[in-house]
Every structure is written in C-alpha cells, then in structure tokens.
Amino acid sequence: MKILVVEDELKTGKYLKQGLMEAGFVVDLARDGEDGLHCALTEAYDLAILDVMLPGIDGWQVLQGIRRAGKEMPVLFLTARDDVDDRVKGLELGADDYLLKPFAFSELLARVRTLLRRGGKAKEPDLLRAADLELDLLRRRAARSGKRIDLTSKEFALLELLLRRQGEVLPRSLIASQVWDMNFDSDTNVIEVAIRRLRAKVDDGFEPKLIHTIRGMGYVLETTA
Ligand code: CA
C-alpha cells in the first residue's frame with residue numbers, strides 16, 4: 001500500500017514517513033503543495049495525508065486538485081487549528097477524515113487503517129491467496145501450507161503487489177513505483193535481488209511454483225506456469 005504525505009515541516013514529515021514505513025507502507029514525502037499535487041496526479045496512491053498549512057498552494061488546493069482530477073483515494077488532512085470551519089471546509093472539499101496537530105502516531109495509524117479499509121475499492125480483503133499461499137494484511141503475516149514465512153517489509157509489499165495483480169505481468173518500472181519510493185533508481189538490480197529472495201522464501205520446497213520471471217518483460221505471480 002502506497003501513501004503520499006504532503007508536509008512542509010521537516011521533522012513532522014520525517015516522523016510520518018519513518019513511522020508509516022515501519023508499519024509496512026510505501027511512502028512518498030512531498031515538501032510543498034505543488035510537489036504534492038504533482039505526485040498525487042502522476043503516481044498511484046492508496047491514500048494521501050495532507051498538511052493544511054503549506055507554502056505556495058495549501059492543503060485545500062491540493063485536495064481540490066486531487067478531486068478535480070477524479071482521483072478517489074482517501075485523504076486525511078492534518079490541521080493545527082482547532083477550528084470547526086476548517087474541519088467543515090476539509091470535509092466539504094472531499095477529505096475523508098482529519099487529525100488535529102499535535103497527534104499521537106498510533107492515532108494517525110488507526111485512522112489510516114480505517115480509511116484504507118473503508119475507502120477506494122468497495123471491499124478491501126484482509127487476506128490475499130494463491131494456491132496454498134496466504135498473505136494476511138491485517139496481521140502482516142505470510143504463510144504457505146500453513147507454515148509461517150518471515151518477510152521483510154519490502155518483501156511483504158512486493159508479495160502484496162504480486163498477489164493483488166495475480167496473473168498480470170508486472171514490469172520492473174511498475175514494481176519500482178509501487179514498492180519503492182520515488183527516489184529509487186530502477187536501473188539497479190535491487191528488484192531482481194528482492195524477487196530472488198522472495199521466491200526462495202515463497203517457492204523453495206513448495207509446489208506449484210508461484211513467482212515467475214517473464215524474460216524482458218517482468219514478473220508474474222500465477223498458480224499455473
Ligand atoms: Ca505546515
């Protein structure tokens with residue numbers, strides 16, 4: 001799951017990015033409204049967190065731009081002002097929830113999870129499956145034939161993407177944009193190495209093999225090769 005954070009305060013931005021990454025999300029951090037809106041319109045995100053007070057175009061304008069472009073991802077806004085008008089304005093402009101600063105990270109994470117369950121696609125499954133492989137999105141666990149598989153957070157995100165788009169050949173550029181953040185250099189062999197490690201964990205000692213390389217095109221997860 002990929003989240004866009006638009007926050008100009010360096011400390012808060014880093015804190016949000018770090019915390020969300022540790023919770024298993026892929027995070028892009030934009031430092032002003034223009035950059036944030038550009039990211040929101042050019043990349044695919046499952047959720048956006050917008051600070052209201054931003055230099056240049058503010059959080060409201062970013063939100064309007066997102067909705068005007070027909071993007072329906074859930075938006076959580078952060079506001080420092082305990083102002084009823086602010087909350088009403090945000091919700092009217094199409095935000096899904098708001099949080100007053102300062103907030104506890106656990107509170108933010110709870111809101112984010114609720115919005116992701118509610119928002120976007122009609123019903124968000126808690127469990128993704130292929131053959132006897134199971135990925136539990138709530139408990140963040142993977143198992144094959146009931147046997148627990150330990151995954152790093154990147155491996156988890158990678159497997160989640162492959163499972164969500166089962167049967168579809170995913171080019172490396174798509175994997176890079178969905179599993180790594182925007183500063184990632186996709187010319188390196190990081191994806192290849194990550195796939196190799198993931199495949200060793202998921203497929204070694206099991207049948208059928210699930211993760212396949214399609215030479216020159218990308219990777220696919222499917223139950224029949
Ligand atoms: Ca701010």
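Data for the structure
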read-out	value
Relative contact order [Cα under 8 Å, 6+ residues apart], the stretch 1-45, whole percent	50
Debye, to nearest 20: dipole size of the chain, +1 on Lys, Arg Cβ, -1 on Asp, Glu Cβ	880
Proximal charge balance of Gly167 [Cβ under 14 Å; K/R count +1, D/E count -1]	+1
Per residue, in Å², the accessible surface of the chain once ligands and nucleic acids are set aside, probe 1.4 Å	51
Mean separation of Cα contacts under 8 Å, 6 or more apart, over the residue count of the stretch 1-127: relative contact order %	21
Set of lysines near Lys201 by C-alpha distance (under 19 Å), chain-local residues within fewer than 8 positions excluded	Lys147, Lys154, Lys209
Average projection area in nm² (convex hull over Cα atoms of the stretch 82-225, one quarter of hull surface)	11.0
Reachable lysines, given that their alpha-carbon falls under 16 Å from the alpha-carbon of Lys71 and they are not under 8 places away in the same chain	Lys2, Lys121
Estimated vicinal HN-Hα couplings, Hz - the stretch 2-10 in sequence order (Karplus 6.51, -1.76, 1.60; Gly, Pro = x)	10, 10, 9, 10, 10, 8, 8, 6, 4
Surface share of carbon and sulfur [accessible, 1.4 angstrom probe, percent] for the chain	50
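The values are calculated or read from the model by the stated rules, or taken from the named source; none is laboratory data. Since the structure is predicted, the reported quantities are computational estimates derived from the model, not experimental observations. Note that we place each Cβ from the backbone using ideal geometry, even for glycine, and neighbour counts take in every protein chain shown. For the accessible areas, the whole protein counts, side chains as well, though only heavy atoms, and no ligand, DNA or RNA atoms are used. Shrake-Rupley method; radii C 1.70, N 1.55, O 1.52, S 1.80 Å.
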